[in-house]
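FYI, it's all coordinate maths here, none of it is from the lab. Note that the structure is predicted; figures quoted are calculated from it, not measured. All Cβ positions, even for glycine, are placed from backbone atoms using ideal geometry, and neighbour counts span all protein chains on display.
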Amino acid sequence: MEYDDCSADCPDSSVVEAFAEIPSAVASDVIEGGRRTMAADISPVCPDVRMAGSAVTVEVQAGDNLLIHKAITLAEPDDILVIDGQEYMGAALAGEMICYACKVHDLAGLVVDGAVRDRAEIRELGFPVYARGFQPEGPSKGGAGSVNDPISCGGVGVEPGDVIVGDEDGVTVVPADSAEDILRASREKLEQEANAREAISNGTYPMEIGGYDELLEEN
């Protein structure tokens, strides 16, 4: 088992915090180099949820959550635990107690590629949790796996320190080494969208704004 420190790889805290105002869809649109959004099955437990933070990555054996408990002790405030649970749905990897501990220690969220439970209690906590689904069966505690190694979660590679952006649409993974550029591009896109809305309110069609007539001609 490995417990690495990823603090040296994380973007500046001001950059991470700024992503709280960036929709996951906008961040996804401006990232180049392939898919960076998690599978649609990774969905929020709570409505009206939003989160942004640096990833603390955890890989566990299917149905085992001992290293999730360990990761909470290693995480810093505003970090997000990102769990590669092997897509296993036979046992919940987290429930009310884990989510409450995360909230008490000021973590920004939890993403589980697997099952969670206690959804009513999690919603009452108001803590941002994303998961593949729900299962009342509890986990084992064998302990095999790693903390702060590269993982896959929701079909996307996640490195320790990557910026995780989540809202009601889902979760986008922003590579740590380009987070500042992606933040700048996201802000520019939000400004473009604001200008587009103004044009649409004045009668312009989205077709015209996007220049899509040329695409139709090409096809």
May I ask for the equivalent-ellipsoid semi-axes of the chain, computed as the square root of five times each C-alpha gyration tensor eigenvalue and listed largest first in whole Å?
-> 34, 18, 16
So what's the net charge close to P77: Lys and Arg +1, Asp and Glu -1, counting the other residues with Cβ under 12 Å from its Cβ?
-> -4
With a sphere of radius 9 Å drawn around the Cβ of A25, what net charge do the other residues whose Cβ falls strictly inside it have (Lys, Arg +1; Asp, Glu -1)?
-> -3
Taking only Cα atoms, what is the 0 to 90° angle, nearest 10, from helix 179-201's long axis to the longest principal axis of the chain?
-> 50
When the chain is treated as a GNM, springs tying every alpha-carbon pair under 10 Å, which of E198, E208, E17 comes out with the largest mean-square fluctuation?
-> E208
Residue with peak Gaussian network fluctuation, the chain [Cα springs, cutoff 10 Å], from S146, S186, S201 = S201
Name the shape class, rounded, prolate or oblate, that the alpha-carbon gyration tensor gives for segment 62-123, where a ≥ b ≥ c are the square roots of its eigenvalues, rounded holds for a/c under 1.5, and otherwise prolate holds if a/b is larger than b/c and oblate otherwise.
-> oblate
Here the FRET efficiency for T73 versus S13, based on Cβ atoms and R0 = 22 Å and rounded to 0.05, is 0.60
So, by mean Cβ neighbours within 10 angstrom, what's the order for 50-57, 70-77 with the highest one leading?
-> 50-57, 70-77
